[in-house]
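The values are calculated or read from the model by the stated rules, or taken from the named source; none is laboratory data. Every value quoted in this text rests on a predicted model; they were computed, and no experiment measured them. Counting neighbours? That spans all protein chains shown, and the Cβs are built from the backbone with ideal geometry, glycine included. SASA here: full protein model, heavy atoms, side chains in, ligands and nucleic acids out. Shrake-Rupley method; radii C 1.70, N 1.55, O 1.52, S 1.80 Å.
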Amino acid sequence: MIPQDFEYSAPASLKEALELIATGERKILAGGMSLIPLMKLRLAAPEHVVDLARVPGLDYITESGG
């Protein structure tokens, strides 16, 4: 099934991403392993999707200070 129409943004910086998600109803796409299948089944229908794949520094997790 094809999901309904939605706006798509791919910010290039953390600042830009935070500005996008601070204004209105947005869903964050970070890998797409759960949101995309839900959209295809029409169980989720976000008006705007913000893809974090191009934001530097958000592609790993580190531990510091124990």
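Return the total of residues in region 47-63 being at pLDDT below 85 and buried (at least 16 other Cβ atoms within 10 Å of the Cβ). Write out each step before concluding.
Quick first cut of region 47-63, residues at pLDDT below 85 only: 59-61.
From what is left, the residues that are buried (at least 16 other Cβ atoms within 10 Å of the Cβ) are none.
Residues that pass the stated criteria total 0.
Looking at Pro3, Pro11 in this structure, which one is more than 18 Å from Val55 (Cα to Cα) and either among the aromatic types (Phe, Trp, Tyr) or open to solvent by less than 80 Å² (accessible area, probe 1.4 Å) (or both)? Steps first, please.
Details: Pro11 fails: more than 18 Å from Val55 (Cα to Cα).
Going through Pro3, Pro11 in turn, the sole match is Pro3.
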Whichever residue in region 14-46 is open to solvent by 40 Å² or more (accessible area, probe 1.4 Å) and part of a strand (DSSP E or B) and, among such residues, is farthest from Asp59 (Cα to Cα): Lys27
Residue pairs meeting the criteria (Cβ under 8 Å; at least 6 apart or on separate chains; first basic (Lys, Arg), in region 35-55; second open to solvent by 60 Å² or more (accessible area, probe 1.4 Å) and not in a strand (DSSP E or B)): Lys40/Met1; Lys40/Ile2; Arg42/Met1; Arg42/Gln4; Arg54/Ala12
